[in-house]
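Participant: What follows is a structure written as structure tokens; I'll ask about it next.
The values are calculated or read from the model by the stated rules, or taken from the named source; none is laboratory data. Values in this document were obtained by computation on a predicted structure and should not be read as measured data. Note that we place each Cβ from the backbone using ideal geometry, even for glycine, and neighbour counts take in every protein chain shown. Keep in mind that these areas ignore ligands, DNA and RNA; they rest on the heavy atoms of the full protein, side chains included. Shrake-Rupley method; radii C 1.70, N 1.55, O 1.52, S 1.80 Å.
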Amino acid sequence: NARDNYGITAFMWACNWGEIDVVKLLLEHSDIIDLNAKNIDGLTAFMWTCVKGHKDVVQLLLDYSEKIDLNARDNAGVTAFMCACDSGDSDVVQLLLDHSSKNIELNAQSYYGMTAIMYACLVGGQTDVVQLLLDCPEIQLHIRHNDGKTAFGLACSQGHNDIVQLFLNAP
């Protein structure tokens, strides 16, 4: 559980780099390793893994969900699901959606009022992720962030025509 100058533990580094064999070994010692430790930005190993798109490690961590806080928030109130949507890795997003029964908060809002679908709409080229979210009946589309915009409004304001078209084609 020792930390470097940025608050990062060995477990976090293993997850960050997708070192699945090391992660497995460390998870076998989860009684002495802090699986929910946060770095100075508030990121956990699970968040980093979702950002980096290490699907196999994400799956492994989901298997330990009784010991891992899947809804932990960083210093801006961002969750791992939001991180995955922001990063645009549709495989990881699909994996998290498939495991939403593990109480992953799909409509959580950051401290700025942003939701996972808002993060996906903010970045261009996230059409695969946005489509996955639009196909998920649990995703709430009418939530507004602190400035009053919805996910659709963000896509429009950023000029992401492909994402706007997805919304227009959605049932």
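Participant: With label points built 7 Å along Cα→Cβ from the Cα atoms of S157 and N107, find their separation and express it in nm.
Facilitator: If labels sit at S157 and N107, their model points lie 2.1 nm apart.
Participant: Further question on the same structure: Can you send over the carbon and sulfur percentage of the accessible area for the chain, probe radius 1.4 Å, protein chains only? Could you put the intermediate results ahead of the total?
Facilitator: Numbers: 3990 of 8340 Å².
About 48 percent, which is the carbon plus sulfur part of the accessible surface.
Participant: Moving on. Over the chain, what relative contact order in percent results from Cα pairs under 8 Å that are six or more residues apart? Let's see the in-between values first.
Facilitator: On the way: 255 pairs, mean separation 26.0, N = 171.
Value for the chain: 15 percent.
Participant: Alpha carbon centre of region 12-40 versus region 103-169: separation in Å?
Facilitator: 31 Å
Participant: Sticking with this structure for a sec: Taking N as the number of residues in the chain, what is its alpha-carbon radius of gyration divided by 2.2 N^0.38 Å?
Facilitator: Details: Rg = 16.2 Å, N = 171, 2.2 N^0.38 = 15.5 Å.
So the chain has a normalised radius of gyration of 1.05.
Participant: Across region 31-157, how many lysine pairs, 8 or more apart or on two chains, come within less than 27 Å at their alpha-carbon atoms?
Facilitator: Pairs that pass both the separation and distance tests number 9.
Participant: Oh, and also: Report the charge-dipole magnitude of the chain in Debye, nearest 20, computed about the Cα centre from +1 at each Lys and Arg Cβ and -1 at each Asp and Glu Cβ.
Facilitator: Details: 10 positive and 22 negative charges, 92 e Å.
So the magnitude is around 440 debye.
Participant: Compute log10 of I(q)/I(0) for region 68-144 with the Debye formula, placing one identical point scatterer on every Cα and leaving out solvent, at q = 0.12, 0.13 Å⁻¹, to two decimals.
Facilitator: Calculated log10 I(q)/I(0) at the listed q: -0.27, -0.31.
Participant: Rounded to the nearest 20 Debye, what is the dipole magnitude of region 19-99 about its Cα centre when Lys and Arg each give +1 and Asp and Glu each give -1 at the C-beta?
Facilitator: Working: 6 positive and 15 negative charges, 38 e Å.
Result for region 19-99 is approximately 180 debye, rounded to the nearest 20.
Participant: So, for the chain, what is the accessible surface per residue at a probe of 1.4 Å, expressed in square angstrom? Spell out each step's value before the answer.
Facilitator: Working: 8340 Å² over 171 residues.
With all protein chains present, the chain gives 49 Å² per residue.
Participant: Which is farthest toward the positive dipole end of region 53-152 among N71, G53, M118, measuring Cα position about the Cα centre, with Cβ charges +1 (Lys, Arg) and -1 (Asp, Glu)?
Facilitator: Positive-most Cα among the choices belongs to M118.
Participant: Taking Cα atoms of region 109-166, Rg/Rh with Kirkwood Rh, to two decimals? List each step's numbers first, then the result.
Facilitator: Details: Rg = 10.3 Å, Rh = 11.1 Å.
Taking Rh as the inverse mean 1/r over Cα pairs, Rg/Rh reads 0.92.
Participant: Hey, quick one: spin label on E138, modelled 7 Å out along Cα-Cβ, who in region 75-99 has an amide N within reach, i.e. under 13 Å?
Facilitator: Residues 81-82, 94-99 qualify, since their backbone N sits under 13 Å from the label point.
Participant: If I take every Cα pair under 8 Å that is 6 or more residues apart in region 1-83, average their sequence separation and divide by the length, what percent do I get for the relative contact order? Each step should come with its number before you reach the end.
Facilitator: Working: 106 pairs, mean separation 23.0, N = 83.
Result for region 1-83 is 28 percent.
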